[in-house]
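Asker: The structure's right below; bear with me while I get my questions together.
The values are calculated or read from the model by the stated rules, or taken from the named source; none is laboratory data. A quick note: this is a predicted structure, and the numbers were derived from the prediction, not measured. Glycine also receives a Cβ, built like all others from the backbone with ideal geometry; neighbour counts cover every protein chain displayed. Keep in mind that these areas ignore ligands, DNA and RNA; they rest on the heavy atoms of the full protein, side chains included. Shrake-Rupley method; radii C 1.70, N 1.55, O 1.52, S 1.80 Å.
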Amino acid sequence: MKATTIYAPRDVRLEDQPDPTIRKPTDAIVKVVAAGICGSDLWYYRGDTPIRDPFRIGHEFVGIVEEVGSDVRSLHLGDFVIAPFMYSDNTCPHCRVGIQSACSVGGIWGRPDRDGLLTDSGQGEYVRVPLADGTLVATRETPDAAMVPSLLALSDVMGTGWHAATAAGVQDGDTVVVVGDGAVGLSAVLAASRMGAERVVAMSRHEARQQIAREFGATDVIAERGEAGEAAVLQLTDGVGADAVLECVGTGQAMTSAIAVARPGGTVGFVGIPHGVELPVRTMFSRNVGVAGGIAPARQYLPALRDDVLSCAINPGLVFDLDLPLDQVTEGYAAMDERRAIKTMLRP
Ligand SMILES: [Zn+2]
């Protein structure tokens, strides 16, 4: 089969790899229907996160179950399934409280599992899925082709945006500010809106992203950044600040702005992978601003978000503005790197 390996910054290659096979009775083999390129893949592509050894890249995919191991109970051949960006058993103590991203036997795609067996990654034709019963969420029937982008968005960005809003405790009637206008930030706008926020302020200076933010329910858009952006939020909220702030970038500047625009007693939900972020604990103490969140347990939110997509209550697939065949994966990365695309979908 063909699958993608990243060797070095800006060196992504689609290569022949062995077809995966069932290695453990809890495995399933999934034929990939669509895969995403993630903003976090770009950290490697741009050289911001070092690549120690080349690895198979891609952690967002949906597909069809082709084969199941003898212990797999909940999945059947031909099922359409959504994979969260990490695999998990969904039964250990951490999974049972809904933090499947900390599963005691789980792991990430494209790396060896706990027994040293390679787990394939999403940006390829087939994936061996460990702990298939706990990891994969199936739809009742094969969805319309038009639903595929929105179901794929649940693999990562929509679940991550949802986690930011959940961690920040977004409630009916709240004023919510979203820092970051990448696919996760836009998804966070949609999550806050779906949770009943009355005012959702998107911080974005890019026309195409502002437009999607508005379609996702943003009531206000602020184009300024840094201190000017913070001042604009305070002005918009009559000097009060936001009940909830969703930090979807992961830089020190984004976190500083997020804490600055939270009202006293407000909470920052953070889901951007931190790169050089330090928290101003003294400021948080004096203003009673909380910070909660972390790596999203996308698996926790999958069943409910799947139903929301299938009932057309949400359409998170709008974040995919570039749809390419898998053999153009290098262009998919370049387009996102050069900000010609918000998010790329690849079709094997
Ligand atoms: Zn677990």
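Asker: Can you go through Arg96, Arg52, Arg73 and tell me which one is open to solvent by 20 Å² or more (accessible area, probe 1.4 Å), closer than 20 Å to Thr139 by Cα and basic (Lys, Arg)?
Answerer: Arg73
Asker: Next question. Being touching an Asp or Glu at 6+ places or on another chain (Cβ under 7 Å) and within 30 Å of Arg13 (Cβ to Cβ) is true for just one of Val129, Val105, Val62. Which residue is that?
Answerer: Only one candidate qualifies: Val129.
Conditions tested, residue by residue: (1) under 22 Å from Asp71 (Cα atoms); (2) surrounded by fewer than 18 Cβ atoms within 10 Å (Cβ to Cβ).
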position	(1), (2)
Gln100	yes, no
Arg114	yes, yes
Val137	yes, no
Ala146	no, yes
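Asker: Before we move on, is Ala188 farther than 26 Å from Ala35 by Cα and open to solvent by less than 30 Å² (accessible area, probe 1.4 Å)?
Answerer: no
Asker: May I ask you to list the residues in segment 251-275 that are over 29 Å from Arg46 (Cα atoms) and under 21 Å from the mean Cα position of the chain (by Cα)?
Answerer: Thr267
Asker: Quick one: would you say Tyr87 is over 17 Å from the mean Cα position of the chain (by Cα), under 24 Å from Leu14 (Cα atoms) and modelled with pLDDT of 95 or more?
Answerer: No.
Asker: Same structure, new question: Quick one: which strands (runs of 3 or more DSSP E) sit completely within segment 74-184 and have at least 3 residues that are of a type in the set (Val, Ile, Thr), under 30 Å from Leu322 (Cα atoms) and away from the ligand (no atom under 16 Å from the Cβ)? Explain how you work it out, then say what you get.
Answerer: Values: elements: 80-83, 126-129, 175-179.
The qualifying strands (runs of 3 or more DSSP E) are 175-179.
Asker: Next question. Please go through segment 230-253 and give me each residue that is surrounded by fewer than 22 Cβ atoms within 10 Å (Cβ to Cβ), of a type in the set (Gly, Ala, Ser) and outside any loop (DSSP other than H, G, I, E, B), ordered by number.
Answerer: Scanning segment 230-253 gives Ala231, Ala232, Gly252.
Asker: So which residues in segment 127-170 are among the β-branched types (Val, Ile, Thr), within 16 Å of the chain's Cα centre (by Cα) and more than 16 Å from Trp109 (Cβ to Cβ), if there are any at all?
Answerer: Scanning segment 127-170 gives Val148, Thr166.
Asker: Okay, next question. Which numbered condition in (1) within 16 Å of the ligand (Cβ to nearest atom); (2) touching a residue at least 24 places away in the same chain (Cβ under 8 Å) is the only one that Phe61 fails?
Answerer: Failing condition for Phe61: (1).
Asker: Give the residues of segment 61-73 that are assigned to a strand (DSSP E or B) and either closer than 11 Å to Val127 by Cα or touching a Lys or Arg at 6+ places or on another chain (Cβ under 7 Å) (or both), sorted by residue number.
Answerer: Passing the criteria: Phe61, Val62, Gly63, Ile64, Val65, Glu66, Glu67.
Asker: Search segment 197-212 for residues that are over 26 Å from Asp172 (Cβ atoms) and pair each with any residue that is open to solvent by 60 Å² or more (accessible area, probe 1.4 Å) when their beta-carbon atoms are under 9 Å apart and the residues are at least 6 apart or on different chains.
Answerer: If the second residue must be open to solvent by 60 Å² or more (accessible area, probe 1.4 Å), the pairs left are Arg205/Glu224; Arg205/Arg225; His206/Arg339; Ala208/Asp321.
Asker: Something else now. Quick one: is Ser187 more than 16 Å from the ligand (Cβ to nearest atom) and part of a loop (DSSP other than H, G, I, E, B)?
Answerer: In short, no.
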